[in-house]
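**Q** After the structure tokens below, expect a handful of questions from me.
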Amino acid sequence: FRCVRNMDIIFLGVNDVGMRIYDWLCQRDSLNVIALLTEPDQLDVVQETTPELLVSVGFDHLVPPEILDVPSEGAINLHPSYLPHNRGKSPNVWPLVEGTPAGVTLHYMDAEFDTGDIIAQKQVEATFSDTGKTLHQRLEDAQFELFTDTWPKIECGDVKQIPQDEAAGNYHSKADFVDLCELDPEEELSVKTLLDRLRALTFPPFNNAYLDVDGERYYVNIEIRKESEGGDEEVDGLLSSY
């Protein structure tokens, strides 16, 4: 396999795990990270510098084909979902609401969001005690591990591209998340369905789930503990006092 040494890279991204990976790449002697771009109006830099590779982690904008065509080694993106499940926004939320697999995927970029051929991916366990925040944190760690473990194959061109199964995939927009946050006091739901929705939207310090009652708005977070994780002592103490 041909390992590309002194490879010129442009990094696209802005989120926490993106910065971890950006710092990791900058520390590698075999790479030259020539720019960090966070906004679409900066993408002209790609055409001006012609890097071998684009790396996207947390870049929240669609990259046009004329930019994707520039790098000789392609453009790759790290997405915190188990593609083709949960393309698009808030992939830490939907496994808890819809029961889809949670995970992370490294894939080639194409003209649409999160639809390119898969390079590598990893499933992440989600349990009933998870919230949107706890799952998000595990997905971030899994993204870093997947990227750093897979990088030697990318650098040496030892990548097997796996097309995504379009029939199995789904996509969520920002509007889907906004709609999920609004709770209807009159809506009838099973206890499990309601708890799944509330824990998926629990991400302190952010206020996500809310409902309006008597002209006032109330925000809702939730905590669910497994019995083996503690918390039953207070109940026992309360019961023994009667």
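The values are calculated or read from the model by the stated rules, or taken from the named source; none is laboratory data. Quick caveat: nothing in here was measured; it's all calculated off a predicted structure. So basically every Cβ, Gly included, is an ideal-geometry build from the backbone, and we count neighbours across all protein chains shown. Just so you know, the surface numbers come from the protein's heavy atoms only, side chains and all, with ligands and any DNA or RNA stripped out. Shrake-Rupley method; radii C 1.70, N 1.55, O 1.52, S 1.80 Å.
**Q** Which one of these is under 14 Å from the mean Cα position of the chain (by Cα) and farther than 20 Å from Thr193 by Cα: Leu78, Leu43, Leu68, Leu135?
**A** Unique residue meeting the criteria: Leu78.
**Q** Confirm whether Gln123 is among the polar types (S, T, N, Q), open to solvent by less than 30 Å² (accessible area, probe 1.4 Å) and at pLDDT 95 or above.
**A** Criteria not met by Gln123.
**Q** Do you know which of the residues in the stretch 92-149 that are in contact with a Gly (Cβ under 7 Å, 6 or more places away or on another chain) and among the charged types (D, E, K, R) is nearest to Asn77 (Cα to Cα)?
**A** Asp114
**Q** Sticking with this structure for a sec: Suppose the filter is in contact (Cβ under 8 Å) with a residue 40 or more places away in the chain and assigned to a strand (DSSP E or B); does Leu106 pass it?
**A** Judged against the criteria, Leu106 is a match.
**Q** Hey, could you check the stretch 93-120 for residues that are within 22 Å of Leu12 (Cβ to Cβ) and hydrophobic (A, V, I, L, M, F, W, C) and say which is most open to solvent (accessible area, probe 1.4 Å)?
**A** Of everything passing the filter in the stretch 93-120, Phe113 is most open to solvent (accessible area, probe 1.4 Å).
**Q** Let me ask something additional. Considering each of Asp196, Asp179, Asp165 in turn, give the residue that is more than 18 Å from Pro80 (Cα to Cα), among the charged types (D, E, K, R), out of contact with any strand residue (DSSP E or B) (no Cβ under 8 Å at 6 or more places or on another chain) and open to solvent by less than 90 Å² (accessible area, probe 1.4 Å).
**A** It is Asp196.
**Q** Looking at (1) in a helix (DSSP H, G or I); (2) open to solvent by 60 Å² or more (accessible area, probe 1.4 Å); (3) charged (D, E, K, R), find the lone condition where Glu140 falls short.
**A** Of everything listed in (1) in a helix (DSSP H, G or I); (2) open to solvent by 60 Å² or more (accessible area, probe 1.4 Å); (3) charged (D, E, K, R), Glu140 misses just condition (2).
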